[in-house]
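Reading through the C-alpha cells given below for one structure.
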Amino acid sequence: MGKQHDRRSQSAATVSLAITIAGSDSSAGAGVQADLKTFSALGVYGLTAVTCIVAEIPGKVSRIEPVSARIVREQIEVLVKNFPIGAHFRRSQGNAARRQGVCATGPHRR
C-alpha cells in the first residue's frame, strides 16, 4: 500500500490538479467518472468529492442515493488542505444542505 500512496503523491506533485465535486454514475458516462476521463485526457490529475451515488444506464436513472453534507464537506476539506488544486468543477450536489457544505468549503476558500 505504501508504494501506491507514494506513486499518487508523486503524480499529484508533478502535474496539474483539479477537483470534481459531483455524483458517481455507475455506467461511467457522467459524474465523477466522466470528469476523471476528461481530466486524464488533458493530462490533469483528478481528485473527487462524491455528492451522490447514482444507479443508472444511459438514458435511465434507477436510483439516486445522496451522500451526507458532512462527508461531502470533509472530502473537500481534506483535499484542499493537502493538494495544490488549480481548478474545480461542480456538478450534481443534491439538496440545499449539501450545496451549502460545498460552498462553505470549496477549493476557492483556501
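Would you mind ranking K60, K37 so that the residue whose beta carbon has the fewest other beta carbons within 10 Å leads the list?
The fewest-first ordering by Cβ neighbours comes to K60, K37.
What order do you get for T38, T48, T20, T14 when you list them from fewest to most C-beta neighbours inside 10 Å?
Sorted ascending by nearby Cβ count, the order is T14, T38, T48, T20.
Can you pull the one-decimal nm distance between simple spin-label points at K37 and A55, each 7 Å off the Cα toward Cβ?
Calculated label separation equals 2.2 nm.
Order by neighbour count: V50, V80, V72, fewest other Cβ atoms within 10 Å first, most last.
Arranged by neighbour count, lowest to highest, V50, V80, V72 become V50, V80, V72.
Here, each number is a calculation from the coordinates, and none is a lab measurement. Quick caveat, the model's predicted, so the values are computed rather than measured. Neighbour counts are summed over all protein chains in view; Cβ atoms, including those assigned to glycine, are modelled from backbone coordinates with ideal geometry.
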